[in-house]
Amino acid sequence: MPGMSHPFRWQIWRAFWLLMSSIAQGVSSLLPLPALGWSATEVPYDEEVLSLDLEENDFLYRIRRNSRIVYVSVLDGGILPPDYRTDGFLVLAKLQNIPKWNDKWKTLTVRNTAQGIESSPDEFPPHGLDLGQLNHPSAIFVNILDLTTVSRISYRLSRVRHGDETWVLKIARFKHEIRSLQHEVSVYSKLMESGFSFCPKFIGFVYEETKDRTIGFLMEEISGRTPGIQDLKDCTETVRLLHEHGIVHGDLNKYNFLVTEEGVKLFDFEVSAAQEDADPGSTEDELKGLAARLEDESRIGRRGSLF
């Protein structure tokens, strides 16, 4: 630039360079990772984090690897940085570098030792329902990877499609959730045996790889609306019928009811109990508290649109 001193020309070029660098960084955030210098092998396109459960120094991950579902327990907070732990892509990018990742296993336990990061295959077994304790002779069994997710209702509930059918799926993502799921399925068994029809129809079981890894159940999808106080009479009738069939629900928030063309239906039996096992007076307590539950505007128990 004629007539311009050398130091001033340097300041202009430096400002221009910084401007172009910032633009390039902004554009790079929109590009696919391989275009930014990532190796294709570092991008786990055939793997997906399905579920996670994070404690202070104990991180559980449920992961799809091609046509398999596996579980990883990370027992040291230093292995995964805080900003990685809930990002499925970053979790997998980090885990792919640990020992034995590419071996064949069902579960993998990862910990820090004096020698560095170590991993132990199949230190704990995959979880599953105890099918021998459940009575659903007409139930079907479906591999979870044969289901197509239509929408997610909550972290354990989703709408799924199988062929021409659309159902609601409920799962136990990890071992600590299997007990409540086992209990709910047993309640459904009792209700089906007794002929109680004011709940979603039980369709069948969902498993991962083999039936000894049954981790969920399917129920019919029904249409309806959440009740209000104007539906107190019909809701009371359904609850009385439930009691007559020997079950105390245990969690009668209004989002566990659905007003349908066939009447008011109930669902979510995880904390339900047989009357002989329930506290004395629990049936009357449920009925007495029902009006307040239907008037409640706190949204406690709401999952989104369930059915």
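Inside region 262-284, can you point out the residues that are assigned to a loop (DSSP other than H, G, I, E, B) and modelled with pLDDT of 90 or more?
Once the filter is applied, which keeps residues that are assigned to a loop (DSSP other than H, G, I, E, B) and modelled with pLDDT of 90 or more, region 262-284 yields Glu262, Phe267, Asp268, Phe269, Glu270, Val271, Ser272.
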Among (1) at negative phi; (2) at pLDDT 95 or above - the single one Gly163 does not satisfy: (1)
The listed residue being more than 29 Å from Lys288 (Cβ to Cβ), in contact (Cβ under 8 Å) with a residue 60 or more places away in the chain and in a helix (DSSP H, G or I), out of Leu232, Leu181: Leu181
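State yes or no: is Ser282 of a type outside the set (D, E, K, R) and closer than 26 Å to Leu129 by Cα?
In short, no.
Just to be sure before I move on: is Leu294 touching a Pro at 6+ places or on another chain (Cβ under 8 Å), more than 22 Å from Ser186 (Cβ to Cβ) and not in a loop (DSSP other than H, G, I, E, B) in the structure I sent?
yes
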Check on Ser158, out of contact with any Gly (no Cβ under 7 Å at 6 or more places or on another chain), of a type outside the set (A, V, I, L, M), within 30 Å of Leu191 (Cβ to Cβ) and surrounded by 17 or more Cβ atoms within 10 Å (Cβ to Cβ): yes
Subset of region 195-220 [surrounded by fewer than 18 Cβ atoms within 10 Å (Cβ to Cβ) and within 19 Å of Asn256 (Cβ to Cβ)]: Ser197, Lys201, Glu220
Count - residues of region 89-100 that are surrounded by 16 or more Cβ atoms within 10 Å (Cβ to Cβ) and within 27 Å of Thr214 (Cα to Cα): 3
Identity of the residue in region 122-140, in contact (Cβ under 8 Å) with a residue 12 or more places away in the chain and assigned to a helix (DSSP H, G or I), that ends up surrounded by the fewest Cβ atoms within 10 Å (Cβ to Cβ): Gln133
Set Ser138, Ser154, Ser120: member being under 24 Å from the mean Cα position of the chain (by Cα) and polar (S, T, N, Q): Ser154
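Here's the yes/no breakdown for (1) touching a residue at least 12 places away in the same chain (Cβ under 8 Å); (2) under 20 Å from Asp268 (Cβ atoms); (3) not assigned by TED's automatic domain parsing to the domain that holds Ala273; (4) not in a helix (DSSP H, G or I):
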site	(1), (2), (3), (4)
Val142	yes, no, yes, yes
Leu145	yes, no, yes, no
Leu169	yes, yes, yes, yes
Val206	yes, yes, yes, yes
Neighbours by Cβ (under 7 Å, 6+ apart or cross-chain): first from region 208-220, more than 16 Å from Pro137 (Cβ to Cβ); second of a type in the set (Asp, Glu) and modelled with pLDDT of 95 or more: Ile215/Glu208
In region 102-121, residue surrounded by the fewest Cβ atoms within 10 Å (Cβ to Cβ) [restricted to those that are polar (S, T, N, Q) and outside any loop (DSSP other than H, G, I, E, B)]: Thr113
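Could you look through region 250-261, keep only residues that are part of a loop (DSSP other than H, G, I, E, B) and touching a helix residue (DSSP H, G or I) at 6+ places or on another chain (Cβ under 6 Å), and pick out the one that is nearest to Val187 (Cα to Cα)?
Leu252
The values are calculated or read from the model by the stated rules, or taken from the named source; none is laboratory data. From a predicted model like this one, the values you see are computed outputs, not experimental measurements. Positions of Cβ are generated from backbone atoms using ideal geometry, with glycine treated the same way; all protein chains shown enter the neighbour counts.
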